[in-house]
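Each remark here refers to the structure printed beneath this line.
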Amino acid sequence: QVQLVESGGGLVQAGGSLRLSCAASGSIFSIGSMAWYRQAPGKQRELVAGITTGGRTNYEDSVKGRFTVSRDNTKNTVYLQMNSLKPEDTAVYYCNADLRTAWGEPWRNYWGQGTQVTVSS
């Protein structure tokens, strides 16, 4: 079994910062790209930031310059540092990763359970 467990969400005032973490655990042979998505009430889930195994990153336009995605491959963990938060960043944030559970097994995509981020004005 593979689990992605997010932590670090919470309530913060506009202009503040939060750091999200997502740790992958279980039967893991290798991890590929990892990413953060978010879903606000009444809206579709959207990609916030992604990072490859080699460290290449990409960001949704509205978070460029404010959010930073990183990973620690020794800990099977991806992070999202969020600075200068705005009320429109309020959403449930989900971790996503491509994983293989054993040699020869196909890559599969996994989701975490989500963590709430609320930014007050």
The stretch 59-64 - phi-based ³J(HN,Hα) in whole Hz, Karplus 6.51/-1.76/1.60, Gly and Pro as x: 9, 5, 4, 6, 10, 4
For the stretch 90-108 and the stretch 8-61, distance of Cα centres in Å: 12 Å
Dipole in debye (nearest 20) - the chain, about Cα centre, beta carbon charges: Lys, Arg +1; Asp, Glu -1: 100 debye
Percent carbon-and-sulfur accessible area, the chain, ignoring ligands, DNA and RNA, probe 1.4 Å: 47 percent
Packing rank of 39-50, 69-80, where each peptide gets the mean count of other beta carbons within 10 Å, highest leading: 69-80, 39-50
Listed residue (Ser62, Ser7, Gln39) projecting farthest to the positive dipole end of the stretch 1-73, Cβ model: Ser62
The chain, relative contact order [Cα under 8 Å, separation at least 6], %: 36 percent
Vicinal HN-Hα couplings computed from phi for the stretch 113-121 (Karplus, 6.51 cos²θ - 1.76 cosθ + 1.60; Hz; Gly/Pro x): 7, x, 9, 7, 10, 10, 10, 8, 8
Taking all pairs of distinct alpha-carbon atoms in the chain, Kirkwood radius in angstrom: 14.5 Å
Karplus-derived HN-Hα couplings along the stretch 17-22 (A = 6.51, B = -1.76, C = 1.60, θ = phi - 60°), whole Hz, x at Gly and Pro: 10, 9, 10, 8, 10, 9
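The values are calculated or read from the model by the stated rules, or taken from the named source; none is laboratory data. Model, not experiment: these values are computed from the prediction. Neighbour counts run over all protein chains shown; Cβ positions are idealised from the backbone, glycine included. Quick note on the areas: whole protein, heavy atoms, side chains included, nothing else; ligands and nucleic acids left out. Shrake-Rupley method; radii C 1.70, N 1.55, O 1.52, S 1.80 Å.
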